[in-house]
Amino acid sequence: MKPLVTVIGIAYNHASFIKEALESVWAQTYENLQVILLDDASKDDSQQVIEELIGDREGITFLPHEKNLGYTATFNEALALSKGEYIIDFALDDVMLPEFIEKSVAALASAGGENGV
């Protein structure tokens, strides 16, 4: 089985970029994903945009903050919940090409030798 990859997506006032960012996650060719999304108390509509885009999708954790904790504390909160062998720190104003995770996992596995470690 392919290793689990955790994508940690963090938003802070990224409302206008979130749709494209999350669509790039949904479009990944790699399927064994855990997705954890956080909004760090954005002052724009980031939280609402995330909630709308998640919709009824299963397996996605969304943690909206009422108070801004800063990027490091927010990332560490998600990291504590992550179960993936690999972690992707993904700001929600960025995009991934469709094969990004698949190619990254293959590259990391081959660099780690027989056991991929």
Problem set entry | Rounded to the nearest 10 Å², the accessible area of GLU23 at probe 1.4 Å | 90
For this session: Considering Cα pairs under 8 angstrom that are at least six residues apart, work out the relative contact order of the chain and quote it in whole percent.
Result: 41
Exercise. What does the accessible area per residue of the chain come to in Å², with a 1.4 Å probe and no ligands, DNA or RNA counted?
Worked result: 59
Problem set entry | Surface share of carbon and sulfur [accessible, 1.4 angstrom probe, percent] for the chain | 52
Seminar exercise, completed: From highest to lowest solvent-accessible area (probe 1.4 Å; ligands, DNA and RNA excluded), ILE88, ILE8 read ILE88, ILE8
Seminar exercise, completed: Taking placed amide H atoms and a strict 5 Å upper bound, the residues 5 or more places from GLN34 or on another chain that come that close are VAL5, THR6, VAL7
Exercise. Once the other residues with Cβ under 12 Å from the Cβ of ILE36 are scored (Lys, Arg +1; Asp, Glu -1), what is the net sum?
Worked result: -2
Seminar exercise, completed: For VAL95, VAL25, the accessible-area ranking with a 1.4 Å probe, largest leading, is VAL95, VAL25
Problem set entry | Environment charge of ALA78, counting only residues whose C-beta is closer than 14 Å and scoring Lys/Arg +1, Asp/Glu -1 | -3
For this session: As a check on your grasp of the helix formula, calculate [θ] at 222 nm for the chain: sum -39500 (n - 2.57) over DSSP H runs of n ≥ 4, divide by the residue count, round to the nearest 500.
Result: -11500 deg cm²/dmol
For this session: Could you tell me which of the pairs LYS19/LYS67; LYS43/LYS83; LYS19/LYS83; LYS19/LYS103; LYS43/LYS103 are separated by over 27 angstrom between their Cα atoms in the structure shown?
Result: LYS43/LYS83; LYS43/LYS103
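The values are calculated or read from the model by the stated rules, or taken from the named source; none is laboratory data. Predicted, not measured: the structure shown is a model, and the values here were computed from it. Glycine also receives a Cβ, built like all others from the backbone with ideal geometry; neighbour counts cover every protein chain displayed. Note: accessible area is taken over every heavy atom of the protein model, side chains too, but ligands, DNA and RNA are not part of it. Shrake-Rupley method; radii C 1.70, N 1.55, O 1.52, S 1.80 Å.
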